[in-house]
Amino acid sequence: TAAAMTREVVVIPPELNLAAAHHLMDKSRIRHLPVVRQGALLGILSDRDVLRYNARLERTTCAEAMTAAPITCTPATPVARVAALMIEHKIDSIPVLSEGGRLVGLVTSSDLLGLLVDQPEVNRLPFDFHVRMAEPQELVATA
């Protein structure tokens, strides 16, 4: 998985407010920020987490908005397993922890897609698609 790992991982402290985290995401063009204290992973903040607090960015800390205890892997985790975890949990990034539990990297769905770009022998989509119009009852929110 070393080839799939993002080489520079930007991390933030839990007390940072969401406005600052959002600015950092925009400036760095990233969608996930591991929340770390003294090398220990506390959680992960995604761009979707930030959107949920849109009206309260200045007053909300990253610790309040982050996903605590996220799904993680190690540098030895096979790429196929990392991809399976992302699909299974509907997530777009997985922090990579050392054997001692310290954050050493971050694998994103974009990293995994980048691996496919390097495989020219995969030249057609291996799917049979069925396109279905959503039914009206599916579009109504139910309580």
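The values are calculated or read from the model by the stated rules, or taken from the named source; none is laboratory data. All values derive from a computational prediction rather than experimental measurement. Neighbour counts run over all protein chains shown; Cβ positions are idealised from the backbone, glycine included. For the accessible areas, the whole protein counts, side chains as well, though only heavy atoms, and no ligand, DNA or RNA atoms are used. Shrake-Rupley method; radii C 1.70, N 1.55, O 1.52, S 1.80 Å.
Restricted to the stretch 83-95, and to residues that are touching a residue at least 12 places away in the same chain (Cβ under 8 Å) and small (Gly, Ala, Ser), which residue is surrounded by the most Cβ atoms within 10 Å (Cβ to Cβ)? Working first, answer last.
First, the residues of the stretch 83-95 that are touching a residue at least 12 places away in the same chain (Cβ under 8 Å): 83, 85-86, 89, 91-95.
If we keep only those that are small (Gly, Ala, Ser) as well, we get 83, 93.
Numbers: 83: 17, 93: 22.
Filtering the stretch 83-95 for residues that are touching a residue at least 12 places away in the same chain (Cβ under 8 Å) and small (Gly, Ala, Ser), the one surrounded by the most Cβ atoms within 10 Å (Cβ to Cβ) comes out as 93.
Quick check on residue 98: is it open to solvent by less than 50 Å² (accessible area, probe 1.4 Å) and in contact with a His (Cβ under 7 Å, 6 or more places away or on another chain)? So residue 98 fails the test.
Under 20 Å from residue 115 (Cβ atoms), touching a helix residue (DSSP H, G or I) at 6+ places or on another chain (Cβ under 8 Å), charged (D, E, K, R) and open to solvent by less than 50 Å² (accessible area, probe 1.4 Å), is that true of residue 49? Steps first, answer last, please.
Working: under 20 Å from residue 115 (Cβ atoms): no; touching a helix residue (DSSP H, G or I) at 6+ places or on another chain (Cβ under 8 Å): yes; charged (D, E, K, R): yes; open to solvent by less than 50 Å² (accessible area, probe 1.4 Å): yes.
Criteria not met by residue 49.
For the stretch 20-41, the set of residues classified as within 24 Å of residue 100 (Cβ to Cβ) and surrounded by fewer than 18 Cβ atoms within 10 Å (Cβ to Cβ) consists of 37, 38, 39, 40, listed by residue number.
Does residue 17 fit the bill of being open to solvent by 30 Å² or more (accessible area, probe 1.4 Å), modelled with pLDDT of 90 or more and more than 17 Å from residue 96 (Cβ to Cβ)? Answer is yes for this residue. For the stretch 52-82, name all the residues that are open to solvent by 50 Å² or more (accessible area, probe 1.4 Å) and either farther than 23 Å from residue 100 by Cβ or of a type in the set (Val, Ile, Thr) (or both). 52, 54, 55, 56, 58, 59, 64, 67, 71, 72, 79, 80, listed by residue number.
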